[in-house]
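Values quoted throughout were computed directly from the atomic coordinates according to the rules given, and no laboratory measurement underlies them. Because the structure is a prediction, the values reported are computed rather than measured. All Cβ positions, even for glycine, are placed from backbone atoms using ideal geometry, and neighbour counts span all protein chains on display.
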Amino acid sequence: MTRPSRAPRQSEATQAPPQPVFPAIPKDTVLPRLAALQTAPIADLKQQWRVLYGKEPPPFSRSYIQSRLAYRIQELAYGGLRPETRARLEALGEQLDGGNVVLRRIRADSRPLPGTRLVREYDGVQHVVTVRADDFEFEGRPYRSLSAIARHITGTRWNGWTFFGLKGRAGA
């Protein structure tokens, strides 16, 4: 014989799940803890992640875990971003990507930052190109594309991104 299931009581149905409690970090221990992250084994870093975030660490690199732990230690010791700051950052993000999470993960522009100097040696001569906001500067002249500069240097058609080593690398 089976028992009929009972309906949850009113207080059970409206209760929110308990929020995890994170340890308070005394301010005078922040610097030693940050320094210890540099030499701690990855297993220790992952354990700290579990304690400080209340969940399993992501399967990312040591440097990622280390940097996020450093931020979290400081956040718990000194306090995080103010709600107004968080709201402002979220609003700015919405302006950029319209709230589309997929777009948020794609770099808006694969172009190097303005001011970046691209150096390429060709036929024993070193060629330097400066990336500007809307074009590229080579030998004091503006060029609309890296391909135009590569063509100027070599006399043949080249993909400028390939010529300057920007295409085909991981993260490029």
>> For 136, 22, which order do you get if you count the other beta carbons within 10 Å of each Cβ and list the fewest first?
In response: 22, 136
> What does the convex hull of the Cα atoms come to per residue for the range 117-163, in Å³?
Replying inline: 68 Å³
> Expressed as a whole percent, how much of the Cα-Cα distance distribution for the range 22-78 exceeds 15 Å?
Replying inline: 41 percent
> From the backbone phi of the range 79-86, what are the Karplus-calculated ³J(HN,Hα) couplings (6.51 cos²θ - 1.76 cosθ + 1.60, θ = phi - 60°) in whole Hz, Gly and Pro given as x?
Replying inline: x, x, 5, 5, x, 5, 5, 4
> What length, rounded to one decimal in nm, is gained on full extension from residue 82 through to residue 96, with 0.36 nm per residue of separation minus their alpha-carbon distance?
Replying inline: 2.9 nm
